[in-house]
Amino acid sequence: MSVRWETEGLQTVGIVCLVIMFLKLMHLLGLIDITETDSSDSDLELSTVRHQPEGLDQLQAQTKFTRKELQSLYRGFKNECPSGLVDEETFKSIYSQFFPQGDATTYAHFLFNAFDMDRNGSIRFEDFVIGLSVLLRGSVTEKLNWAFNLYDINKDGYITKEEMLAIMKSIYDMMGRYTYPCVRDEAPSEHVDKFFQKMDRNRDGVVTIEEFIETCQKDENIMNSMQLFENVI
Amino acid sequence: MAAGVATWLPFARAAAVGWLPLAKKTMPKPPVDNSSRSDEILYLNVSGVRFQTWKNTLDRYPDTLLGSSEKEFFFNEDTEEYFFDRDHEMFRHILNFYRTGKLHYPRHECIQAFDEELAFYGIVPEIIGDCCMEEYRDRKKENQERLAEDTEANESIDAPLPPDSTPRERLWRAFENPHTSTMALVFYYVTGFFIAVSVIANVVETVPCRPPEGRVKDLPCGEKYQLAFFCMDTACVLIFTFEYLMRLFAAPSRCKFMRSVMSVIDVVAIMPYYIGLVMPENEDVSGAFVTLRVFRVFRIFKFSRHSQGLRILGYTLKSCASELGFLLFSLTMAIIIFATVMFYAEKGTKSSDFTSIPASFWYTIVTMTTLGYGDMVPNTIAGKIFGSICSLSGVLVIALPVPVIVSNFSRIYHQNQRADKRRAQQKVRLARIRMAKKGTTNAFLQYKEDRGDSTALCVKNRSAFEHQHHHLLHCLEKTTNHEFTDEMTYSELCMTESVGFRTSRSTSLSSQQGAQNNPTGCCPRRARRRAAMRLANSTASVSRGSVQELDTLHIKTTSIPPQTRSSLNAQAGNLKLNCGEQDFTAAIISIPTPPANTPDESLPPSPAPIPGILRNTRATAFTHETVKISSL
């Protein structure tokens, strides 16, 4: 009896197999369509978003670069990013190439946010060139403003200790492991404490833009070093 | 660093402003960059085709020719452009590399030409982008293999024996390359014949012969003519044993030889006979003895020494081992699955052939390979369904790896054919080149004769190049106080004077005319000088130097012949012809010891690398050198 059931069972299985294979064959040949969702159109979505920058004259008005410099900058920019936009991943990978010993991704993230002024997740050529204009041709106040903007991660106008610690850690991360002397774990927080001692006048635990600019203007070292990168381009 | 990095560096430096307020120490001074700020367009003229690009583009890769100051060497002030006398089509790819940062390999170009261009422009081939890297590597490997094959073929097979090799080496060589001597060839054919005889005897001895009187049943011939077959077998085995022992004796590395495939086959082929001799006529053991006789069929594999095709087949199978392995594995899996299913499907029917799963293996194999003997057939419906699925899938599983194996075989076979064809063509090519070289030498000799006539009428229509070349050869003659002559004059002298040379171990001098070491040097100096030229000339013409050597002109120093200074002033008639330690290679002008005898004998007789100035005014005291010509 059981033997009969076995063979009967196998027979059923065999027939079911045949039917399924037949259906799959028909689907393959396109005679019938058994899929529910129509997934073919999703592949057509545009993979690249393109962006064209504003005209040369407007950029010249907005920045302090000459026409030739803007042309040269754009040529380099366009060569690297033909689509006209730099997304965060690309930015991180580019910036990391300059610091091969350490991990530059965190700092690159902060830097990206500082450049990406309209917070849309990608740097356009205008952002790029305006940022560069400030850094290279701007006045000392503008540069300090820019630096403050960098440190202020949530852009609320105050630098808290946590924000500063994050920035400091990311900078020390870029150094990597093999340094002399070795980077101790407390080094970033010590550095942050020193910074706050210097900058935070009213000891309220945050640094505002006025405190920052005031303190920096009084510090000779900082003021001298601001001229350093003026002839980069 | 990648191109993009160079572009972004100014940006990264600018962003460093963010560190300034946090800095613990003062920042270092920035590097002073004196180069002009503004970007300019450079003009590159590559054999007439003008390319233009920004200077910045080229500066991206400062360690290449175009990116560094090396290109200033190519700057043409009159036209204010950089002129390169190279291929402009390849230059396109090079320039694109600067522009895009990716180097592509053009598939239709010759790999060596491309490599040379890359070397010229100072670009390492490793930067080739992933899209083209595979193709590039494959082509390069193919090319290298081809070159290796050529040089190997030139050296090993046709290379002549060094004259003082031991009989053992000669024997080994005779075995490996039978066509080097008639004796070896005879032996080669004899063994081939005996292999064939042995195999045929094995086959024929099982054919049923007419039974002798008194027996009804047919007898296999082996038993009827037992003695005859035994004698034939003995003879064959004796020959094979002798051959094997000879090979073992001659082999340069006995361990390696004994481990090689061919020697294993040899042993397996002759072992059964000896075991049979030793075996007693015991009933139990003779069963095993019968098994051993099967191994006699392995003698047929000895033919692979004689046949190239067999070797290729074996090599193909070896190289397709992974595909064969895959085939076997997938087949095994499928067999097990289907056998199980068929067994359970047919379990119900009485008197079914599918008694167990291993029994179903047979059915599955026969069905999957589409043989279908019909000794086992399913009876139930389920069995028939699964049986048909089994046969359909069998076709697919077997059909998959077969094309791979076939293409492998075809590739190897064609490679072999190509190698043979190339070797044949190489010989023709070299012969033609030698003839051309001889033509140049003859032209020079002609020029000398004409000069001797000192009549302006004899000045033929020769190019400036030829004039200068002949002048150069003439200078060389004056330098060494030897003369170039031609082959025939030399060989005459050589026959009569029996010049004593001892040739060196160079492989490229295949046919030194019977040179033996004759330290007393019987030729008078004049004749010997001539003879030297003769030898050199004939050497140049019969040398089998590879084509590459024709382009090089080395001047080699060799060890100083052990002569004291006094002997250097030997009398004219008693010059030692000592060329012992010299190394010649064809196409080399080697002047082992310059005749550095000054009248004041203050200079040591050590050779300078360039055999230069003949200081000696005394015509007597030369150490004799042989000068070989490489006709340029």
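Quickly work out the residue B:183-to-residue B:217 label distance, labels modelled 7 Å from Cα along the C-beta direction, and quote it in nm with one decimal.
Going from the residue B:217 label point to the residue B:183 one covers 5.2 nm.
Just to be sure I understand the model, the point goes 7 Å from the Cα along the line to the Cβ. What's the resulting residue A:18 to residue B:393 distance in nm?
1.7
Which entries in the list A:194/A:218; B:102/B:140; B:427/B:478; A:194/B:29; B:438/B:478; A:92/A:155 go over 28 Å, if you measure between the two C-alpha atoms of each?
In this structure, B:427/B:478 exceed 28 Å between Cα atoms.
Within 13 Å, Cβ to Cβ, of residue A:103, how many net charges do the neighbouring residues add up to if Lys/Arg are +1 and Asp/Glu are -1?
After counting each charged neighbour, the total is +2.
Amide H of residue B:45: which non-local residues (sequence gap of 5 or more, or other chain) have their own amide H closer than 5 Å, using H built in the peptide plane?
Residues meeting the amide H criterion: B:51, B:82, B:83, B:84.
Give me the distance in nm between label points sitting 7 Å out from Cα along the Cα-to-Cβ direction at residue B:73 and residue B:267, one decimal.
6.1
With n ≥ 4 as the cut-off for DSSP H runs, can you work out [θ] at 222 nm for chain A, using -39500 (n - 2.57) per run divided by the number of residues, rounded to the nearest 500?
-18500 deg cm²/dmol
In whole Å, what is the distance between the alpha-carbon centres of the stretch A:166-233 and the stretch B:117-133?
Cα centroid of the stretch A:166-233 versus Cα centroid of the stretch B:117-133: 44 Å apart.
Once the other residues with Cβ under 14 Å from the Cβ of residue A:18 are scored (Lys, Arg +1; Asp, Glu -1), what is the net sum?
Taking every other residue near residue A:18 into account, the sum is +2.
Could you work out how much longer the chain between residue B:350 and residue B:193 gets when fully extended? Use 0.36 nm per residue separation minus the Cα distance between them, nm to one decimal.
My answer for the length gained is 50.7 nm.
Using θ = phi - 60° and the Karplus form 6.51 cos²θ - 1.76 cosθ + 1.60, what ³J(HN,Hα) does each residue of the stretch B:293-302 get, whole Hz, x for Gly and Pro?
Ordered by residue, 3J(HN,Hα) equals 4, 4, 5, 4, 5, 5, 4, 5, 6, 5 Hz.
Taking θ as phi - 60°, what are the ³J(HN,Hα) couplings along the stretch A:56-69 by the Karplus curve (6.51, -1.76, 1.60), each to the nearest whole Hz, with x for Gly and Pro?
Once rounded to whole Hz, the list reads 4, 5, 4, 5, 4, 5, 7, 10, 9, 8, 7, 4, 4, 5.
Take the alpha carbon gyration tensor of the stretch B:306-461, find the square roots of its eigenvalues, order them as a ≥ b ≥ c, and report rounded if a/c is under 1.5; if not, report prolate when a/b exceeds b/c, else oblate.
Cα axes put the stretch B:306-461 in the prolate bin.
Amide H of residue B:209 versus every other amide H placed in the peptide plane: which residues, excluding those fewer than 5 positions away on the same chain, fall under 5 Å?
B:219, B:221
Got a sec? How would B:427, B:29 order by Cβ neighbour count within 10 Å, fewest to most?
Fewest-to-most Cβ neighbours within 10 Å comes out as B:29, B:427.
Cα gyration tensor of the stretch A:152-206, axes a ≥ b ≥ c as square roots of the eigenvalues: rounded (a/c below 1.5), prolate (a/b > b/c) or oblate?
Note, shape of the stretch A:152-206 comes out oblate.
When only DSSP loop residues count, what trypsin sites (Lys or Arg not before Pro) in the stretch B:315-358 have their Cβ near at most 10 other Cβ atoms within 10 Å?
Within the stretch B:315-358, the qualifying trypsin sites (Lys or Arg not before Pro) (loop, at most 10 other Cβ atoms within 10 Å) are B:350.
With θ set to phi - 60° and the Karplus curve 6.51 cos²θ - 1.76 cosθ + 1.60, what are the ³J(HN,Hα) couplings of the stretch A:184-192 in order, to the nearest whole Hz, using x for Gly and Pro?
7, 5, 7, 4, x, 5, 4, 4, 5
Can you tell me how the stretch A:140-232 classifies by the Cα gyration tensor, rounded, prolate or oblate, using a/c under 1.5 as the rounded cut?
Taking the square roots of the gyration eigenvalues as a ≥ b ≥ c, the stretch A:140-232 is oblate.
In terms of modelled amide H atoms, which long-range or inter-chain residues lie less than 5 Å from the amide H of residue B:64?
none
Within the stretch A:164-233, which trypsin sites (Lys or Arg not before Pro) sit in a loop by DSSP and count at most 10 neighbouring Cβ atoms inside 10 Å?
Hits after loop and neighbour filter: A:177, A:184, A:203.
What full-extension length gain, to one decimal in nm, is calculated for residue B:96 and residue B:446 as 0.36 nm per residue of separation minus the Cα-Cα distance?
120.7 nm
Which loop chymotrypsin sites (Phe, Trp or Tyr not before Pro) in the stretch B:355-395, with loop taken from DSSP, have no more than 15 other Cβ atoms within 10 angstrom of their Cβ?
When the chymotrypsin sites (Phe, Trp or Tyr not before Pro) of the stretch B:355-395 are filtered for loop state and at most 15 Cβ neighbours within 10 Å, B:373 remain.
A short reminder: the numbers here are calculations on the coordinates, not readings from a lab. Since this is a predicted model, take the numbers as computed values, not measurements. Backbone-built Cβ (ideal geometry, glycine too); neighbour counts: all protein chains shown.
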